[in-house]
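Worksheet: one structure, shown below.
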Amino acid sequence: MRSKILATGSNLPAKILTNADLEKLVETSDEWIVSRSGIRERRIVESADTASSLSLPAAKTALSRANLNPGDLDAIIVATITPDMAFPSTACLMQNMLGCRQIPCFDISAGCTGFVYAMKIADAMITTGQYRNILVVGVELLTKITDWTDRSTCVLFGDGAGAAILAPTDDDTGLLGSYWSADGSFAPLLEMPAGGSRMPASEKTVKENLHTVKMLGNETFKAAVRAMEEASLEGIKSAGLEKADIDWLIPHQANIRIIEFTAKRLGISMDKVIITLEKYGNTSAASVPIALDEAMTSGKIKSGDNVLLVAFGAGFTWGSIVFKA
Ligand code: UT7
């Protein structure tokens, strides 16, 4: 038995923050941001928005496209590093908002690799025969933990949510292979230092702006390039495929140069790569499911196509999913 993606959905905030807007906030330029990252604009939430409220429309769209009701769900997994609160989980909050039965609901924290990790967990839950319909969400409101005085990070991030419903299938479509890994020795390169048990929130942590994303961009870039290639090759191998068999590459959207490098190493031309980075920036755990939803609903991905999802993020974590549409 395999698991397959029954349907997807996504939700982006309406408000757009352009590179020109950022030029007014920090010493930067549209030229620098586009040439170093590929980002032109990003979406940004209103202050009342939360991970659960942003995810809800994405989840509802995925459910309705899958012809399922919330009561048909057997589990909810939410990948995020910007949950509504430290606890309870955003997945539990979503269960209540959707009106689901009493089912297992939990969040996972794997940075920008979160959605890929969550898919891998859902796949294992389904293929062991214990669960049928699982809602997997990738959501991030990074602009709520952005240091708007740090030009090296504030130009990169955006907000959004993506969702997918996974369910068992007996046909030859669905998840063919996957890979995941992590190396915690890189943890200090990409982190939010305060707000956990190491540095609980205090007047000092707020004053020092420690509740925001800190990233050593260049070191992270180099590790990302290596890890995206490794995750892609291992995922393809575990699917029993060759590089040439991949019809579509859906990478985490952090930097166009990382994406181009990954595509080149896989021998995939850029017109077979789904890019949303230009308009949404880096939406962390939401970037892969948003790009997946756009690729599925635009009709780019055809029945029988082999699709590779690949991501890299805080931890460091990295991973991939290969599926036949
Ligand atoms: O999502 C999960 C993981 N995240 C990633 O994979 C992101 C990985 N990193 C990156 O995408 C890139 O490293 C960045 C886009 C963040 C930065 O690009 P870079 O080519 O690595 O630039 P850099 O950090 O080496 O900085 C080069 C220069 C520096 O100036 P000096 O020291 O050479 O004079 C920075 O101060 O660019 C300067 N700089 C800026 N200039 C204008 C940094 N940020 C900006 C900015 N505008 N926003």
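The values are calculated or read from the model by the stated rules, or taken from the named source; none is laboratory data. Everything numeric here is computed off the predicted structure, so don't read it as measured data. With ideal geometry, Cβ positions are generated from the backbone for all residues, glycine too; neighbour counts draw on all protein chains shown.
Taking the options I39, I33, I81, name whichever one is surrounded by 19 or more Cβ atoms within 10 Å (Cβ to Cβ), within 16 Å of the ligand (Cβ to nearest atom) and in a helix (DSSP H, G or I). Of I39, I33, I81, the one residue that is surrounded by 19 or more Cβ atoms within 10 Å (Cβ to Cβ), within 16 Å of the ligand (Cβ to nearest atom) and in a helix (DSSP H, G or I) is I33.
Taken together, V45, V26 contain a single residue that is of a type in the set (A, V, I, L, M, F, W, C), outside any helix (DSSP H, G or I) and within 30 Å of F106 (Cα to Cα), which is V45.
Determine whether L142 is in contact (Cβ under 8 Å) with a residue 12 or more places away in the chain, outside the structural domain of Y179 (by TED's automatic domain parsing) and within 21 Å of S284 (Cα to Cα). If you could, list the steps in order and put the result at the bottom.
On the way: in contact (Cβ under 8 Å) with a residue 12 or more places away in the chain: yes; outside the structural domain of Y179 (by TED's automatic domain parsing): yes; within 21 Å of S284 (Cα to Cα): yes.
Considered against the rule, which asks whether it is in contact (Cβ under 8 Å) with a residue 12 or more places away in the chain, outside the structural domain of Y179 (by TED's automatic domain parsing) and within 21 Å of S284 (Cα to Cα), L142 comes out as yes.
For the stretch 112-161, name all the residues that are more than 16 Å from the ligand (Cβ to nearest atom) and aromatic (F, W, Y). Scanning the stretch 112-161 gives a single hit, Y131.
Quick one: count up the residues across the stretch 8-23 that are free of Cβ contacts under 8 Å to residues at least 40 places away in the same chain, part of a loop (DSSP other than H, G, I, E, B) and not basic (K, R). Of the residues in the stretch 8-23, 1 are free of Cβ contacts under 8 Å to residues at least 40 places away in the same chain, part of a loop (DSSP other than H, G, I, E, B) and not basic (K, R). The C-beta contact set for the stretch 176-199 (first residue in contact (Cβ under 8 Å) with a residue 40 or more places away in the chain, second residue of a type in the set (D, E, K, R), distance under 6 angstrom, 6+ apart or interchain) comprises L176/K324; S178/K120; Y179/E234; W180/K120; L189/E219; E191/K214. Is it true that T220 is surrounded by 19 or more Cβ atoms within 10 Å (Cβ to Cβ) and either touching a helix residue (DSSP H, G or I) at 6+ places or on another chain (Cβ under 8 Å) or under 16 Å from G313 (Cβ atoms) (or both)? Criteria met by T220. Take T61 and decide whether it is out of contact with any Cys (no Cβ under 8 Å at 6 or more places or on another chain), of a type in the set (S, T, N, Q) and in a helix (DSSP H, G or I). In short, yes. Can you pull out the residues in the stretch 140-177 that are over 12 Å from L22 (Cα atoms) and either in a loop (DSSP other than H, G, I, E, B) or touching a Cys at 6+ places or on another chain (Cβ under 9 Å) (or both)? E140, T143, T146, D147, G158, D170, D171, D172, T173, listed by residue number.
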